[in-house]
Every structure is written in C-alpha cells, then in structure tokens.
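Participant: Let me give you the structure first, and then I'll get to my questions.
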Amino acid sequence: MRPPLPADMFDELCPSTLNPIRFGDKWAALVIRCLEHGPRRFSELRVPLHRVTAKVLTRSLRSLERDGLVKRTVHPPHVEYELTPVGHSMLEPIAVACAWTKRHWDDLLDARESYDAATRFDPAGGTGRRVVGQPAESRA
C-alpha cells in the first residue's frame, strides 16, 4: 500500500507558489508531482491540493488526460489517476523548475513586494487600471 500524500506537500511557503514557469495550467505540475509514486484517487489528491477547488482540480485532470500525461481508470465505484510514460517524463523538468525557484526564492519575493509597493489599484480612476509609481496626492 502506498503511503498517503502529506497534507502540507504544497504548503503556502512551497516554492511552487512562486514558480513563474507553468506546465499546463496553474495546478498541473502539482498534480503531476502528486502522481509521481503511483495512481491516486481524486480524494487523495485533494489532501495536498486543498487550496484547489474540486471543479478546478477536475479541469486540470481532464486537461492532463487530454494531453496524454495522465491516465484515468474507472474502478467502480471510484476513479484513479496515474501518470503515463509521457507524464513521468515531465517530472524531471518540473524538478529543475522547482530547484530554480527555490534558489531564487528571495529574489522572486523581493521583486513581487517591490512591484506591489510601486503599483496599486486606482478605484477612483474608474478605469480599473493600475497607477504605477504615482502617489495618490499627485493624481488629479
């Protein structure tokens, strides 16, 4: 029997949250990592992917299946998902991207904080656009 997936596998401080490299949709790489050690049921995937709604997780799984990365097998009354050989081949580039993100964690956080500090939403402007680097009192 496989050990259960850890609930904190992708905690909020996981480098994957800052990774600017996307493999498919936002959650695809995380789903692939969850399936690394064998088939999993949907409910098992929901444990480490608790920040993903069921609807979005379903959409990600279908997209991965469509791309040939995940195989869906029905075992009434449940369904299992597992990586195909092509899906397994994604593990290496995902690991490289995660390692890069971990090395540049502080740089990425600093850049985001700097950007957020320099920009803000301008509700009074009515355009729904950001005002960059301009203090509120200088806007007329």
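The values are calculated or read from the model by the stated rules, or taken from the named source; none is laboratory data. Being a predicted model, the structure only gives us computed values, none of them experimental. Here Cβ is always computed from backbone atoms with ideal geometry, including for glycine, and neighbour counts include all displayed protein chains. Just the protein is used for accessible areas: all its heavy atoms, side chains included, with ligands, DNA and RNA removed. Shrake-Rupley method; radii C 1.70, N 1.55, O 1.52, S 1.80 Å.
Participant: Quick test for you: out of Thr58, Thr53, Thr84, Thr73, pick the one residue that is within 26 Å of Leu108 (Cβ to Cβ) and either modelled with pLDDT of 95 or more or of a type in the set (Ser, Thr, Tyr) (or both). Even if it seems obvious, please write down each step before you answer.
Facilitator: On the way: Thr58 fails: within 26 Å of Leu108 (Cβ to Cβ); Thr84 fails: within 26 Å of Leu108 (Cβ to Cβ); Thr73 fails: within 26 Å of Leu108 (Cβ to Cβ).
Matching residue, one of Thr58, Thr53, Thr84, Thr73: Thr53.
Participant: Something else now. Return the pair list, or none, for Cβ contacts closer than 8 Å from residues in segment 36-54 that are within 15 Å of Met9 (Cβ to Cβ) to residues that are open to solvent by less than 70 Å² (accessible area, probe 1.4 Å) and among the small types (Gly, Ala, Ser), at least 6 apart or on different chains.
Facilitator: So the pair list comes out as Arg46/Ala54; Val47/Ala7; Pro48/Ala7; His50/Ala7; Val52/Ser60.
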